[in-house]
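The values are calculated or read from the model by the stated rules, or taken from the named source; none is laboratory data. These figures come from a predicted structure and were not determined experimentally. Neighbour counts run over all protein chains shown; Cβ positions are idealised from the backbone, glycine included.
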Amino acid sequence: MIKIKRIKNPKKFQYILQKIYFESYEGVNQEYYEKTPEEFRDYLDWLIRKSGDGFIVAIKNNEIIGFLVIDLDWYDEKLKTTVGEIHEICVRKKFQRKGIGKMLVQYAEKLAKKQKLNYLCGWVGIENFASLNFFKKLNFVEGEIKWQIWKRVRKKLANFE
Ligand SMILES: CC(C)(COP(=O)(O)OP(=O)(O)OC[C@H]1O[C@@H](n2cnc3c(N)ncnc32)[C@H](O)[C@@H]1OP(=O)(O)O)[C@@H](O)C(=O)NCCC(=O)NCCS
């Protein structure tokens with residue numbers, strides 16, 4: 001059984017998050033993720049500063065096997081509104097294609113709706129086709145916006161105004 005929950009102190013889990021991160025991205029173009037444990041640690045610290053209360057994990061047999069970081073206070077310049085921003089999502093290789101990523105996004109979506117946010121968004125590597133397909137399957141659309149090597153994806157949740 002897979003359990004999805006929010007964790008309160010992500011720093012405490014930094015080593016397992018690091019392990020999951022590098023294992024998940026194996027085989028993905030190196031441009032799209034941090035290259036060294038030091039870079040990952042800096043990135044994690046940024047994630048914690050920016051959205052420390054948005055760490056959602058997937059647990060199987062008492063072990064974290066995937067995580068997602070959502071920022072519920074992210075201003076989207078194009079949409080001119082605050083959106084739920086998925087900064088990171090990864091699932092350990094051997095647990096991929098079992099619906100766990102989908103469960104993580106669904107949980108994030110629930111949190112965004114609770115905050116009355118109208119959109120769930122993220123940046124995906126232009127050639128990270130697995131991830132682009134993943135978001136497409138979850139009804140995200142690829143926006144026209146690109147930034148360097150990234151493509152914007154977004155999902156309209158509702159009109160909460
Ligand atoms: C992207 C990622 C989180 C998806 O997690 P997952 O648990 O494997 O995803 P799910 O099993 O919930 O997939 C849901 C649907 O998305 C699509 N999908 C997922 N992975 C895919 C892949 N590698 N290739 C094509 N489609 C894929 C499929 O349609 C899938 O449904 P199906 O298996 O019934 O066909 C995972 O592949 C991962 O950790 N990738 C490396 C890190 C990464 O690139 N993160 C995204 C950064 S923007």
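Take LYS110 and tell me if it is of a type in the set (Lys, Arg) and modelled with pLDDT of 95 or more.
On the way: of a type in the set (Lys, Arg): yes; modelled with pLDDT of 95 or more: yes.
So LYS110 passes the test.
If GLY143 meets every condition in (1) within 12 Å of the ligand (Cβ to nearest atom); (2) out of contact with any Ser or Thr (no Cβ under 7 Å at 6 or more places or on another chain); (3) part of a strand (DSSP E or B); (4) farther than 25 Å from LYS60 by Cβ apart from one, which number is that one?
(1)
Of all residues in segment 132-145, which are more than 16 Å from GLN106 (Cβ to Cβ) and touching a residue at least 24 places away in the same chain (Cβ under 8 Å)? Explain how you work it out, then say what you get.
Filtering segment 132-145 down to residues more than 16 Å from GLN106 (Cβ to Cβ) leaves 132-133, 141-145.
Across segment 132-145, the qualifying residues are GLY143, ILE145.
Are any residues in segment 90-101 within 6 Å of the ligand (Cβ to nearest atom) and either farther than 8 Å from LEU68 by Cα or without any contact (Cβ under 8 Å) to a residue 24 or more places away in the chain (or both), and if so, which ones?
Going through segment 90-101, the residues within 6 Å of the ligand (Cβ to nearest atom) turn out to be 90-91, 96-101.
Passing the criteria: VAL91, GLN96, ARG97, LYS98, GLY99, ILE100, GLY101.
Could you identify the single residue in VAL69, VAL105, VAL153 that is more than 9 Å from the ligand (Cβ to nearest atom) and either touching a Phe, Trp or Tyr at 6+ places or on another chain (Cβ under 9 Å) or within 24 Å of GLU26 (Cβ to Cβ) (or both)? Before you say what the answer is, go through the steps one by one.
Details: VAL105 fails: more than 9 Å from the ligand (Cβ to nearest atom); VAL153 fails: more than 9 Å from the ligand (Cβ to nearest atom).
Only one candidate qualifies: VAL69.
Which of the residues spanning segment 30-56 are in contact with a Lys or Arg (Cβ under 7 Å, 6 or more places away or on another chain) and away from the ligand (no atom under 13 Å from the Cβ)?
ILE48, PHE55
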